[in-house]
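These notes are about the structure you will find just below.
Please treat every number below as a calculation from the coordinates, not as lab data. If you're wondering where the values come from, they're calculated on a predicted model, not measured in any experiment. Please note: Cβ atoms are built from the backbone with ideal geometry, for glycine as well, and neighbour counts cover all protein chains shown.
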Amino acid sequence: MLMLGGVNPAFAKGAEEALTSADEAFRFQDYAKTIELLQPLVDQDKIKDDQARHQVLERLAASYWFTDDHDAARTLFGALLKEVPGHQLDPLFYPQELVTFFKNEKQRLAGLGFIGRGDTSGGNEGPRFTLVEREIRRTYPTAAYFMPFGLPQMLGERGSSGTLHAALQGLGLATNVAAWLRIESLKQEGSRVIPKSDGSEAELLERVWWVGTGVLAASYVYSVVDGLLNRLPPVEMKRSYKVVDPDAPPPDAEPDSAWRVVPANQGFGLSIAAEF
């Protein structure tokens, strides 16, 4: 009767029949039938009364446990304990093995922080995992993705790839400049002529110069194209779980700061923006 009173009116007739049949099946230890009847009610959120839903979750989890599907039992017991951390199983109604399984699961979830260490009052006390949503805004101009030294990958939050391109372009540029300077030093003073005795070295340095220039150019072009193709959305919602203690005072708000690429007097430059 408790479960019947919490049925969503839009599905009252079919849900009432399912709950009645599930109660009978559970009493006669037909746990497969109980699962077949109760799982759709949980999946479609047809039971709106909290106490009735808690009883359905308990019966459904117990039915999974009796059919040796312990993973499903853990999932449903976890959903029940998330709402009522102090929930307990009646040791006179369930076997001791199931009661122990339930207690162990409660301790495991409390240790992980997914539920508070509540008492029998059902309060959701103590630190627990909470879903945290954070909005990320990116205001990078398109021109920033044409900057060298792996900056397009850095803007795409791929630091390792950006570091690789920065190293390749730096190596290519250093090779280019070093070879050019050495070639210039081989030229006779006041002319652009290289003595015949230094001709072989000059030819080798010319090849080195082309190699350095090729590495620099190839890495730069790939970095720009890759950065534009993998450009992150301007607005993104990131969701993550973190341990939050509801009884703890709220932390002081920290200024929101971020590095940005913005127009400067000459070209583009890096700046740091913050909100206080």
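Some observations on this one:
- Residue-by-residue Karplus 3J(HN,Hα) for region 82-87, coefficients 6.51, -1.76, 1.60, Hz, glycine and proline x: 4, 7, 9, x, x, 4
- Inter-part distance, region 134-172 to region 45-81, computed on C-alpha centroids, equals 48 Å.
- ³J(HN,Hα), Karplus 6.51/-1.76/1.60, whole Hz, each residue of region 160-167, x for Gly, Pro: 5, 5, x, 5, 4, 5, 4, 5
- Look at D49, D23 and count the other Cβ atoms within 10 Å of each Cβ; fewest to most, that gives D49, D23.
- Distant-in-sequence amide contacts of I47, defined by a placed amide H-H separation under 5 Å and a gap of 5 or more residues or a different chain, comprise N8.
- Extension gain, T100 back to S200 (0.36 nm per residue minus Cα-Cα distance, nm): 27.6 nm
- Residue-span extension gain [F146 to E36] - 0.36 nm each, minus C-alpha spacing: 33.8 nm
- For peptides 224-232, 75-83, sequence by mean Cβ density within 10 Å, most packed first: 75-83, 224-232
- Neighbours of L89, meaning other residues whose beta-carbon lies under 13 angstrom from its beta-carbon, give a summed charge of -1 when Lys and Arg score +1 and Asp and Glu score -1.
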